[in-house]
Amino acid sequence: IPIRRDEMQPGDLVFFTSPHSGGNVGHVGIIMDVDPLNDTFTFIHASSTNGVKISSSTEGYYERRYIGVRRVAK
């Protein structure tokens, strides 16, 4: 289910481009925490070089590559 960024919740999937995805989805994470006051979030994901890690939407790499967020229907 597509949702607006201001509606995101923990458990939602967040999508990013990657250097070789041609602007399409190349990376996916799961939102862990949302800060609605700053319009930021943290997410868990698998890094090809560092294994599973927690990152922030404020990190330049992910901030530039953000595509959108979706919620899995229950």
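The values are calculated or read from the model by the stated rules, or taken from the named source; none is laboratory data. In this text the structure is predicted, and so the values were computed from the model without any measurement. Counting neighbours? That spans all protein chains shown, and the Cβs are built from the backbone with ideal geometry, glycine included. Heavy atoms of the whole protein, side chains included, go into the accessibility calculation; ligands, DNA and RNA do not. Shrake-Rupley method; radii C 1.70, N 1.55, O 1.52, S 1.80 Å.
Points worth noting:
- Residue list for the stretch 4-20, restricted to those being open to solvent by 30 Å² or more (accessible area, probe 1.4 Å) and closer than 12 Å to residue 72 by Cα: 9, 10, 11, 13
- Neighbours by Cβ (under 6 Å, 6+ apart or cross-chain): first from the stretch 1-21, free of Cβ contacts under 8 Å to residues at least 60 places away in the same chain; second assigned to a strand (DSSP E or B) and of a type in the set (D, E, K, R): 13/70
Residue-wise test of (1) in contact with a Phe, Trp or Tyr (Cβ under 7 Å, 6 or more places away or on another chain); (2) open to solvent by less than 70 Å² (accessible area, probe 1.4 Å).
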| position | (1), (2) |
| --- | --- |
| 30 | yes, no |
| 36 | no, no |
| 44 | no, yes |
| 60 | no, yes |
| 65 | yes, yes |
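- Pairing each residue of the stretch 34-58 that is farther than 18 Å from residue 18 by Cβ with any residue that is exposed (fewer than 10 other Cβ atoms within 10 Å of the Cβ), provided the two are 6+ apart or on different chains, yields C-beta distances under 8 Å for 36/6; 39/6.
- Of all residues in the stretch 46-58 being in contact with a strand residue (DSSP E or B) (Cβ under 6 Å, 6 or more places away or on another chain) and open to solvent by 70 Å² or more (accessible area, probe 1.4 Å), the one that is nearest to residue 4 (Cα to Cα): 58
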